[in-house]
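First comes the structure, then the notes that go with it.
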Amino acid sequence: MDGDSFAHRAYHALPKSIRRGDGGPAGLLVGIGNVLLRLWEEESPRTLVVAWDTLTVPTYRHLALESYQGGREFEPDLLEQLELAPQLCEAMGFPAAKGDGYEADDFLAAAVGHEEARGGRALVASGDRDTFQLASERTTILQPQRGGGAFARIGPADVRARYGVEPEQVPDFIALRGDPSDKIPGARGVGPKTAADLLQRYGSLESALAEGRFEHEAETLRLFRKIATMDAAAPLPSLEDRAPTWARGAELASDWGLARLAERLRALEASSSS
């Protein structure tokens with residue numbers, strides 16, 4: 001689960017009137033707790049790892065491209081809750097993946113690689129379409145929909161239908177098309193259709209460059225592709241099978257004054273013990 005993706009969605013969707021017992025903001029925390037419960041109840045995974053960005057330390061992406069994610073400003077209430085949210089995940093029994101120099105996406109890629117290598121299947125819950133590069137016959141992307149309905153389930157065929165490229169071509173596609181949300185400019189004069197057409201013709205950005213395309217932008221486009229590629233070598237916590245610790249989660253939620261979330265967690269603990 002992409003913790004940051006769902007945290008930002010919850011922060012902007014839920015009322016700011018939701019507060020902790022000490023008066024601090026709590027909507028994001030309640031939202032993360034609810035998503036974790038939903039994923040566990042609907043998908044019955046053997047374990048669930050929650051991936052997080054580290055906002056206080058730049059990654060190699062920020063160092064390599066000055067404009068990367070430039071202009072983003074986060075409200076203090078959001079930052080406060082982002083620091084607390086991994087504690088809630090851990091209390092509920094779900095390991096948090098977070099580390100200096102890595103983004104949440106990198107941990108998602110590492111977890112997918114780990115699960116596929118052991119012959120398992122992975123579900124990646126995220127609102128970030130960069131994760132489409134992880135779609136495979138063994139990995140499905142769960143994309144949240146507006147209004148809180150069922151997750152859209154994105155596999156390789158869906159990536160092809162949406163973008164006209166294969167999942168493994170998504171970083172090349174982003175490099176060519178650009179990504180306004182991350183401030184990746186892309187190739188001059190290239191939009192999504194042209195990017196897809198180029199990749200269908202050449203197979204990869206590197207092959208297009210070898211044929212003399214974008215001669216004066218070659219190194220810049222290689223950098224954009226590297227930035228858009230998730231780092232599957234990110235260090236992971238243990239991904240052994242886990243049983244949720246609903247009682248611990250309920251205790252923390254109660255300590256924070258989140259009575260309704262605590263009540264839901266106690267009910268799950270009671271049903272799992274009966």
Completion exercise
Log entry, pairs with first residue in the stretch 75-94 being assigned by TED's automatic domain parsing to the domain that holds Gly31, second being crowded, with 23+ Cβ neighbours inside 10 Å and of a type in the set (Val, Ile, Thr), beta carbons closer than 8 Å, six or more apart or on different chains, reads Ala85/Ile32; Pro86/Val50; Leu88/Ile32; Cys89/Ile32; Cys89/Val50; Phe94/Val49; Phe94/Val50
Practice task
Sort out for me the helices (runs of 4 or more DSSP H) sitting completely within the stretch 190-274 that have 2 or more residues that are among the hydroxyl-bearing types (Ser, Thr, Tyr).
Solution key: 192-202, 259-273
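Does Ser254 fit the bill of being surrounded by fewer than 16 Cβ atoms within 10 Å (Cβ to Cβ) and either of a type in the set (Gly, Ala, Ser) or in contact with a Phe, Trp or Tyr (Cβ under 6 Å, 6 or more places away or on another chain) (or both)? Let's see the steps before the verdict.
Numbers: surrounded by fewer than 16 Cβ atoms within 10 Å (Cβ to Cβ): no; either of a type in the set (Gly, Ala, Ser) or in contact with a Phe, Trp or Tyr (Cβ under 6 Å, 6 or more places away or on another chain) (or both): yes.
The answer is no for Ser254.
What residue, among those in the stretch 34-73 that are among the charged types (D, E, K, R) and either in contact with a helix residue (DSSP H, G or I) (Cβ under 6 Å, 6 or more places away or on another chain) or closer than 30 Å to Lys226 by Cβ (or both), is modelled with the highest pLDDT?
Here is the first cut: in the stretch 34-73, the ones among the charged types (D, E, K, R) are 38, 41-43, 46, 53, 61, 66, 72-73.
Narrowing further to those that are either in contact with a helix residue (DSSP H, G or I) (Cβ under 6 Å, 6 or more places away or on another chain) or closer than 30 Å to Lys226 by Cβ (or both): 53, 61, 66, 72-73.
Working: Asp53: 91, Arg61: 83, Glu66: 76, Arg72: 74, Glu73: 80.
Restricting to residues being among the charged types (D, E, K, R) and either in contact with a helix residue (DSSP H, G or I) (Cβ under 6 Å, 6 or more places away or on another chain) or closer than 30 Å to Lys226 by Cβ (or both), the top hit is Asp53.
Tell me yes or no: at least one residue of the stretch 46-61 is on the phi < 0 side of the Ramachandran plot, more than 17 Å from the chain's Cα centre (by Cα), assigned to a helix (DSSP H, G or I) and surrounded by fewer than 20 Cβ atoms within 10 Å (Cβ to Cβ).
Quick first cut of the stretch 46-61, residues on the phi < 0 side of the Ramachandran plot only: 46-61.
Filter again for more than 17 Å from the chain's Cα centre (by Cα), leaving 46, 56-58, 60.
Filter once more, so that each one left must be assigned to a helix (DSSP H, G or I): 60.
If we keep only those that are surrounded by fewer than 20 Cβ atoms within 10 Å (Cβ to Cβ) as well, we get 60.
Yes; the residues of the stretch 46-61 include at least one that is on the phi < 0 side of the Ramachandran plot, more than 17 Å from the chain's Cα centre (by Cα), assigned to a helix (DSSP H, G or I) and surrounded by fewer than 20 Cβ atoms within 10 Å (Cβ to Cβ).
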Exercise for the section: With respect to Gly31, determine if the residue is modelled with pLDDT of 95 or more and buried (at least 19 other Cβ atoms within 10 Å of the Cβ). Expected result: yes
Exercise for the section: Would you mind stating whether Asp172 is touching a residue at least 24 places away in the same chain (Cβ under 8 Å), among the charged types (D, E, K, R), surrounded by 15 or more Cβ atoms within 10 Å (Cβ to Cβ) and under 30 Å from Trp40 (Cβ atoms)? Expected result: no
Exercise for the section: Give just the number: which of (1) among the small types (Gly, Ala, Ser); (2) in contact (Cβ under 8 Å) with a residue 12 or more places away in the chain; (3) surrounded by fewer than 19 Cβ atoms within 10 Å (Cβ to Cβ) does Gly212 not satisfy? Expected result: (2)
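Test Asp22 against the stated conditions and say whether it is exposed (fewer than 15 other Cβ atoms within 10 Å of the Cβ) and not in a helix (DSSP H, G or I). Spell out the reasoning first.
On the way: exposed (fewer than 15 other Cβ atoms within 10 Å of the Cβ): yes; not in a helix (DSSP H, G or I): yes.
Against the criterion (exposed (fewer than 15 other Cβ atoms within 10 Å of the Cβ) and not in a helix (DSSP H, G or I)), Asp22 qualifies.
The values are calculated or read from the model by the stated rules, or taken from the named source; none is laboratory data. Bear in mind the structure is a predicted one, so any value in this text is a computation, not a measurement. A quick note on method: Cβ atoms are made from the backbone with ideal geometry, for glycine too, and the neighbour counts reach across all protein chains shown.
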